[in-house]
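The values are calculated or read from the model by the stated rules, or taken from the named source; none is laboratory data. In this text, all values refer to a predicted model and were calculated from it rather than measured experimentally. Every residue, glycine as well, gets a Cβ built from its backbone with ideal geometry; the counts of neighbours run over all protein chains shown. Keep in mind that these areas ignore ligands, DNA and RNA; they rest on the heavy atoms of the full protein, side chains included. Shrake-Rupley method; radii C 1.70, N 1.55, O 1.52, S 1.80 Å.
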2 protein chains.
Amino acid sequence: MISVIILGTGNLAAHLIRAFNKAENVELIQVYGRKVPDNELVSGTISYTSDLKDLQDADVYMLAISDDAIAEFSSKLDLPGKLLVHTSGSIAMHELRSNAGKGVFYPVQTFSKEADVDFKQVPVCIEAEHNEDLTLLKALAGAISDHVFIINSRQRKKLHLAAVFINNFVNQLYKIGFDICKANAIPVEILYPLLKETARKAVISDPVEVQTGPARRNDRKTITGHLELLSGDEEKIYKLLTQSIQNTYGKKL
Amino acid sequence: MISVIILGTGNLAAHLIRAFNKAENVELIQVYGRKVPDNELVSGTISYTSDLKDLQDADVYMLAISDDAIAEFSSKLDLPGKLLVHTSGSIAMHELRSNAGKGVFYPVQTFSKEADVDFKQVPVCIEAEHNEDLTLLKALAGAISDHVFIINSRQRKKLHLAAVFINNFVNQLYKIGFDICKANAIPVEILYPLLKETARKAVISDPVEVQTGPARRNDRKTITGHLELLSGDEEKIYKLLTQSIQNTYGKKL
């Protein structure tokens, strides 16, 4: 049985609490937060505290707080001989400032309050200073996810960068596409099947193999026509991504 | 019963042939192509020709050929009193040069040889010069799809532009994200659940509402750290899309 204390009460904390509560071989024994969380978060069996002096004993102390707060908050934790992990994609393991053993437990997913996540499908990237801690984290991650990866801090920074491209930036392109529809009285739903199929194809094939469209086939007439419809950031994004596609396939604008 | 002749033998033609063959109330009577298509494409019951003089009589003649070829090829078709439609997102209806009535039948999806498409879920955007032809196209589109939209040429051009953003450009961002992983010995599969969830959220919510990440929360430290890892097109794309997100949410770099 691995005992865990979660420090944090945001979206990720809520999803982790739910996942650990369901897991066999894991005992979630306490949640720490500055303010009392929703009742939903802390069920009757879990003790909650807003005072670091009341932290109980556990194998793993897991920070689910904002990136900016990790370094400073971790310096307040006096946990000799324990394992302290953060859950961030962009913060290096050594930025934890504590006398505890250090580690990382990074679930690669976007979490929102509403959507229920099947944690079994969420990849969890783990890292630890000490080998025995890595073994512990492997068991802990494996208790809630079927996809556990050992990823060091240098790799994790790159992985987080890749995630920005395929999540934040993709979402911004969705927004621009939807805006174009809305401005022209075109129902946005027309784009849904194409949007979903684009994602599906990326996962079952390789994006390089399935690219289509005016940039890929160097269709200057369509590209020129599109650019006439655009201005500002949208025009710049159109030009730059068209150029990027053409560089990928060895053609020039 | 609506009788249809398809002119073209590419991916889209193949998917249309399959869909019309399955549809009640539609009789696919002929396929035209310059070269004999795969046996799969033209089953025993459909006649095939590579000679325009042998075109049979039908209610609708549907061009499924490349955008560039539509104007010139359509000028060769002598079809007085018939309806000629193209299937392109980016070509205006009036670019059809024929003595036939003109129309458009644009399925908004990306088609590949391998993937079987459920045409019932594919949005079909229709347009026609004459009202009675629009009624005919509505019936024809409704026979294979549950999602039929009347979209004029001006709107369709914008719709096609929006599709370039959410399909071609999104796919290029997938490629960049995957490349970053591959270059750092990170299994690309780690990104799959996040990629799929990003698409799912866009469809069930509004992309503006669900945006997260360093640009959204104006996390300069992470943005600077990411830019240090990038160069060339990738760096430019990172900067421009970060700027675009910050403009959306009223923050400045």
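Only one of the listed residues (A:LEU227, A:LEU194, A:LEU253) is crowded, with 17+ Cβ neighbours inside 10 Å and either at pLDDT below 95 or out of contact with any strand residue (DSSP E or B) (no Cβ under 6 Å at 6 or more places or on another chain) (or both). That residue is A:LEU194.
A quick yes/no check of all residues on (1) in a loop (DSSP other than H, G, I, E, B); (2) touching a Gly at 6+ places or on another chain (Cβ under 8 Å); (3) loosely packed, with under 13 Cβ neighbours inside 10 Å:
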position: A:TYR48; (1), (2), (3): no, yes, no
position: A:ALA58; (1), (2), (3): yes, no, no
position: A:ALA71; (1), (2), (3): no, no, no
position: A:LEU84; (1), (2), (3): no, yes, no
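Filtered by the rule that a residue be in contact with a helix residue (DSSP H, G or I) (Cβ under 7 Å, 6 or more places away or on another chain) and not β-branched (Val, Ile, Thr), segment A:130-146 gives A:SER145, A:ASP146. Only residues that are more than 18 Å from B:ALA162 (Cβ to Cβ), part of a helix (DSSP H, G or I) and either within 7 Å of another protein chain (Cβ to nearest Cβ) or within 24 Å of the chain's Cα centre (by Cα) (or both) were counted in segment A:191-209, giving 7. Count, please, the residues in segment A:235-249 that happen to be under 24 Å from B:ILE245 (Cβ atoms) and either more than 8 Å from chain B (Cβ to nearest Cβ) or among the hydroxyl-bearing types (Ser, Thr, Tyr) (or both). Adding up the residues that qualify gives 6.
Every condition in (1) free of Cβ contacts under 8 Å to residues at least 60 places away in the same chain; (2) over 30 Å from A:GLY225 (Cα atoms) holds for B:ASP59 except the one numbered (1). Small (Gly, Ala, Ser), surrounded by 15 or more Cβ atoms within 10 Å (Cβ to Cβ) and free of Cβ contacts under 8 Å to residues at least 24 places away in the same chain, is that true of B:ALA202? It is true that B:ALA202 is small (Gly, Ala, Ser), surrounded by 15 or more Cβ atoms within 10 Å (Cβ to Cβ) and free of Cβ contacts under 8 Å to residues at least 24 places away in the same chain.
Only one entry in A:SER75, A:SER66 is surrounded by fewer than 19 Cβ atoms within 10 Å (Cβ to Cβ) and either in contact (Cβ under 8 Å) with a residue 60 or more places away in the chain or within 19 Å of the chain's Cα centre (by Cα) (or both), namely A:SER66.
For segment A:73-98, the candidate set comprises residues that are at pLDDT below 95 and among the polar types (S, T, N, Q); within that set, the residue that is nearest to B:THR224 (Cα to Cα) is A:SER90. Taken over segment B:230-250, the criterion of being open to solvent by 60 Å² or more (accessible area, probe 1.4 Å) and over 28 Å from A:SER153 (Cβ atoms) is satisfied by B:ASN247, B:GLY250. Remark: pairs (first residue in segment A:213-228, within 9 Å of another protein chain (Cβ to nearest Cβ); second residue part of a loop (DSSP other than H, G, I, E, B) and surrounded by fewer than 17 Cβ atoms within 10 Å (Cβ to Cβ); Cβ separation under 7 Å; 6+ apart in sequence or on different chains) = A:ARG216/A:TYR249. Restricting the first member to segment B:114-132 and to residues that are closer than 15 Å to B:ARG156 by Cα, and the second to residues that are at pLDDT 95 or above and assigned to a loop (DSSP other than H, G, I, E, B), the beta-carbon pairs closer than 6 Å and six or more apart or on different chains are B:PRO123/B:VAL108; B:PRO123/B:HIS147; B:VAL124/B:SER145; B:CYS125/B:ILE151; B:GLU127/B:ASN152. Within segment B:80-91, being under 22 Å from A:ILE190 (Cβ atoms) and out of contact with any Lys or Arg (no Cβ under 7 Å at 6 or more places or on another chain) holds for B:VAL85, B:HIS86, B:THR87, B:SER88, B:ILE91.
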